[in-house]
Ligand code: GDP
Ligand code: MG
């Protein structure tokens, strides 16, 4: 709805111009002319009031785009080694080595290679987190690492992860793990995956397969190379300048510092002091920290940052948007809260229940 005028909005929603103007005044904006384009925040508030779902689309038209690191999620069947793999990957990070191996748990970490290239890994493995984010419209992940244990083979959650990635159109890189085991049979895994419809590279497809061991660290460099190659193919770029858009990957309450949200910046640069709305919460950014817990003044695309200064606790998958003022932030937050409550009541009255998938 950004840039839409009231006249256009009326046409789009089937709501009368007069009623729309009333709403605009109610949300504290001026409704001077029905021909003046609305700001994105006003448009969102109005849309929520008339019960239309909106998604903020940030136009990067004309903006300077720069290459950015890939954001990677690790998925696969339970016990196939997702957590182990993430642990050893985290330890290969140059930054982690510099900091004496101390990285704080942020829900995401960056592996910097000696070549200077880097990859951002989401630290919450499993399809539950991935689905939760997707359900909230958060397209954070660029690549999925599908972990399959070489001694166990393709299992139900392997297939589930595969179909999640495929329906989200996120490319897969297969990591056949536990190749150190005497009973490991990577060839068998290849055949299984192939018969499940994955077009493996060895067979002329475009899905890379790497044999690894989280235990001996064998093949980790190959996995990183494969991810860099996949990222290169995707030509991942982001706008660096201008207002930032980010997604929450994890949030927690710290006794001293209050609500803390780890977010991955998607575009633009997040700055200290900015007013933000995160899901239905709002705040002013008091501090931004990197994955080593160092204070920094800004967050750039694909960078996981910990944001301090929110009034409430957001949820994984919530979007972070920068707004112009405290008033805007409060308004948008309360508008979104009302909308959530309305949706909740609606659902309750329909007698539907939703099962929280926290199987991982
Ligand atoms: P997750 O459920 O997918 O997160 O799997 P975990 O990382 O918790 O690993 C499950 C078990 O497999 C643990 O006991 C690990 O020590 C073991 N494991 C993980 N990776 C390897 C590996 O490469 N080789 C061997 N031999 N064991 C592994
Ligand atoms: Mg695990």
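Applying 0.36 nm per residue to the separation of residue 91 and residue 237 and subtracting their alpha-carbon distance, the gain on full extension is 49.9 nm.
Between residue 181 and residue 327, full extension at 0.36 nm per residue minus the direct alpha carbon distance yields a gain of 46.6 nm. Average 1/r across all pairs of distinct alpha carbons in the range 150-254, invert it, and you get the Kirkwood radius: 15.9 Å. Cα centroid separation, the range 223-240 to the range 155-189: 20 Å. Each residue, residue 222 and residue 79, gets one label point 7 Å from its Cα in the Cβ direction; the gap between the two is 2.6 nm.
Dividing the Cα radius of gyration of the range 192-295 by its Kirkwood radius returns 1.12 for Rg/Rh. Placing a pseudo-label 7 Å from each Cα along the Cα-to-Cβ vector at residue 66 and residue 19 gives an inter-label distance of 4.7 nm.
Label positions at residue 8 and residue 215, each projected 7 Å from the Cα along the C-beta direction, are separated by 6.1 nm. Among 265, 174, sorting on how many other beta-carbon atoms sit within 10 Å of each Cβ, with the fewest leading, yields 265, 174. Going from the residue with the fewest nearby Cβ atoms within 10 Å to the one with the most, 234, 162, 4 rank 234, 4, 162.
None of the figures in this text is laboratory data; all of them are computed from the coordinates on show. This structure is a prediction, so every number in the text was calculated from the model and none was measured. Virtual Cβ from ideal backbone geometry, glycine too; neighbours counted across all protein chains shown.
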